[in-house]
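K.L.:
I'd like to ask some things about the structure below.
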Amino acid sequence: MSSPTLKTKSSTFTQSNSFTSPKIKSSTKKMQVLDKVSVSSKANISGLNTGILSIVGNTPLVKLVNVFKNAHFQLFAKLEMFNPGGSVKDRPALNMLMNAFEKGDIQPGDTIIESSSGNLGIGLAQACAVLGLRFICVIDPKTTLPNINILKAYGAQVELVAEPDPVTGDFLPARIARVQSLLASIPNSFWSNQYANLNNARAHHQTMHEIVTALNGNLDYLFLAAGSCGTLRGCAEYIKSHNLNTKIIAVDAKGSVIFGDKRGKRLIPGHGAARVPELFQPGLQDEVIHVTDIDCILGCRHLLRTEAILAGGSSGAVISAIDKKRKEIPVGAICAAILCDRGERYLDTVYSETWVMDHFGDIG
Ligand SMILES: Cc1ncc(COP(=O)(O)O)c(C=O)c1O
């Protein structure tokens, strides 16, 4: 019997078993006991142990059996959408602020400034609202209306940079310039600077710890989307420091420059970057898979149809990347995928027939 397939312009999700895959070497080091990672141990700030910030992290890891039906490997999804702000970025938002408190760089009443068009801004807005900090989020016209409304609802001040940098034509340098001018003009202001802040990456020692603990140390492949490279760097550091044999497959957007691809137009936010983040280091990942916006959309729809998981664009990218890689995954391998955010914020884009048709035509 032939297996159902989801045809795409650039990829095909086959739902058949691949019997040609190599056998897995029992190489993953089994770890019985893992110490809990202390993300931010010293801060003694009210609002951390109770209330909404106390439930950042410890997201569920669920086994997916339908997205790749009869697959020769096991796949577990880390559902970061269960963070209270709706995404994986609640973790670094909280960790960067906690460490700034610990170092004495900030105190209640200060102003946090960040350039973000999405999840990190929302994570910071949420944390700042609890921790008594003012938050200014520098955005550009590509920021979606739902995200702007969420930021404002949390009490963030939204600063729109309307014009791109005149030299490069990119918004990123223009947004950074606005951050710098706000820092210069506002006393007691602090730039969390997610692209360079090691506490962004360190927040994901805990993410990795949760995944590895739930799987008793048995993890062959980790698929994750890269943007600031906080997740990539944090998970890679954890794997290295715990001597695990887990291979990291980084998923990037076609047109993003993180891993040396040619700069190009990208419409789906989350993964990908217009410049190489300071957090990036060569060799963090074992492999990179680039995916197009269409791949993301098809991956999201496939995940929704097969698992009833309404996830954001980069989750579709990760699912699409696993599909591209699946024939090379050894039989019996244990894989995990970090699914970064929930899909409601993408209803007007990824999940909108009209939007997809307007931008990509009929993708099937
Ligand atoms: C939806 C989504 N996916 C992936 C990423 C990339 O994660 P990181 O910044 O840790 O590389 C982000 C970052 O904002 C995101 O919001």
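Taken together, the values in this text are just the output of simple stated rules run on the coordinates, not laboratory data. Remember, predicted model here, so these are calculated numbers, not experimental data. Methodologically, a virtual Cβ is constructed for each residue, glycine included, from the backbone with ideal geometry; neighbour enumeration extends over all protein chains shown.
K.L.:
Search the structure for amide H atoms under 5 Å from the amide H of residue 189, placed 1.01 Å from N in the peptide plane, and list their residues when 5 or more places away or on another chain.
P.N.:
Counting only residues 5 or more places away or on other chains, the set is 111.
K.L.:
Can you tell me the dipole magnitude for the range 90-191 around its Cα centre, using point charges on the Cβ only (Lys, Arg +1; Asp, Glu -1), in Debye to the nearest 20?
P.N.:
Working: 7 positive and 10 negative charges, 38 e Å.
Here the size comes out at about 180 debye.
K.L.:
Under a Cβ-Cβ cut-off of 13 Å, what is the net charge of the residues other than residue 307 that fall near it, where Lys and Arg count +1 and Asp and Glu count -1? Each step should come with its number before you reach the end.
P.N.:
Numbers: positive: 63, 69, 301, 305; negative: none.
In short, +4.
K.L.:
For the chain, set up a Gaussian network in which alpha carbons nearer than 10 Å are linked by springs, and say which option among 181, 256, 315 fluctuates the most.
P.N.:
Looking only at 181, 256, 315, the largest GNM fluctuation is found for 181.
K.L.:
Roughly how far apart, in whole Å, are the Cα centres of the range 249-264 and the range 81-159?
P.N.:
26
K.L.:
5 Å is the cut-off here: which amide hydrogens, built 1.01 Å from N in the peptide plane, fall below it relative to residue 132, excluding neighbours closer than 5 in sequence?
P.N.:
Counting only residues 5 or more places away or on other chains, the set is empty.
K.L.:
Take the eigenvalues of the Cα gyration tensor for the range 235-348, scale each by 5, and report the square roots as semi-axes in whole Å, largest first. Could you put the intermediate results ahead of the total?
P.N.:
Values: eigenvalues 100, 76, 33 Å².
One finds semi-axes of 22, 19, 13 Å for the range 235-348.
K.L.:
Follow-up question, since we're still on this one. Would you give the gap between the C-alpha center of the range 165-215 and the C-alpha center of the range 282-324, rounded to a whole Å?
P.N.:
Taking the Cα centre of the range 282-324 as reference, the centre of the range 165-215 is 24 Å away.
K.L.:
Go ahead and set up a Gaussian network model of the chain, Cα springs under 10 Å, then flag whichever of 132, 316, 85 fluctuates most.
P.N.:
Greatest mean-square fluctuation among the candidates belongs to 132.
K.L.:
If you don't mind, there's one more thing I want to ask. Placing +1 at every Lys and Arg Cβ and -1 at every Asp and Glu Cβ, with all other atoms neutral, what dipole size does the chain have around its Cα centre, in debye to the nearest 20? List each step's numbers first, then the result.
P.N.:
On the way: 37 positive and 31 negative charges, 201 e Å.
Dipole size: approximately 960 debye.
K.L.:
How would you classify the chain from its alpha-carbon gyration tensor, with a ≥ b ≥ c the square roots of the eigenvalues: rounded for a/c under 1.5, else prolate if a/b is greater than b/c, otherwise oblate? Don't skip to the end; give the middle numbers.
P.N.:
On the way: a/c = 1.88, a/b = 1.31, b/c = 1.43.
Taking the square roots of the gyration eigenvalues as a ≥ b ≥ c, the chain is oblate.
K.L.:
Once phi is turned into ³J(HN,Hα) by the Karplus curve 6.51 cos²θ - 1.76 cosθ + 1.60 with θ = phi - 60°, what whole-Hz value does each residue of the range 221-235 show in order, with x for glycine and proline?
P.N.:
10, 10, 9, 9, 8, 10, x, 6, 6, x, 5, 4, 5, x, 5
K.L.:
Related question: Nearest 500 deg cm²/dmol is fine: what mean residue ellipticity at 222 nm does the chain get from its DSSP H runs of n ≥ 4 alone, each adding -39,500 (n - 2.57), divided by its residue count? Before the final figure, lay out each step's value.
P.N.:
Working: 9 runs with 116 residues, N = 364.
Helix contribution divided over all residues of the chain: -10000 deg cm²/dmol.
K.L.:
For the range 289-304, just list the computed ³J(HN,Hα) in residue order, Karplus coefficients 6.51, -1.76 and 1.60, θ = phi - 60°, integers in Hz, with x standing in for Gly and Pro.
P.N.:
My calculation for the range 289-304 gives 10, 9, 10, 8, 4, 5, 4, 4, 4, 5, x, 4, 5, 5, 4, 5 Hz in order.
K.L.:
Once phi is turned into ³J(HN,Hα) by the Karplus curve 6.51 cos²θ - 1.76 cosθ + 1.60 with θ = phi - 60°, what whole-Hz value does each residue of the range 187-201 show in order, with x for glycine and proline?
P.N.:
x, 6, 10, 9, 9, 5, 6, 4, 6, 10, 7, 4, 6, 5, 5
K.L.:
So if I place +1 on the C-beta of Lys and Arg and -1 on the C-beta of Asp and Glu, and nothing else carries charge, what would the dipole magnitude of the range 190-322 be about its Cα centre? I want it in debye, nearest 20.
P.N.:
380
K.L.:
Under 5 Å between amide hydrogens, which residues at least 5 positions from residue 342 or on another chain qualify, with H placed 1.01 Å from N in the peptide plane?
P.N.:
For residue 342, whose amide H was placed from the backbone, the distant partners under 5 Å are 312.
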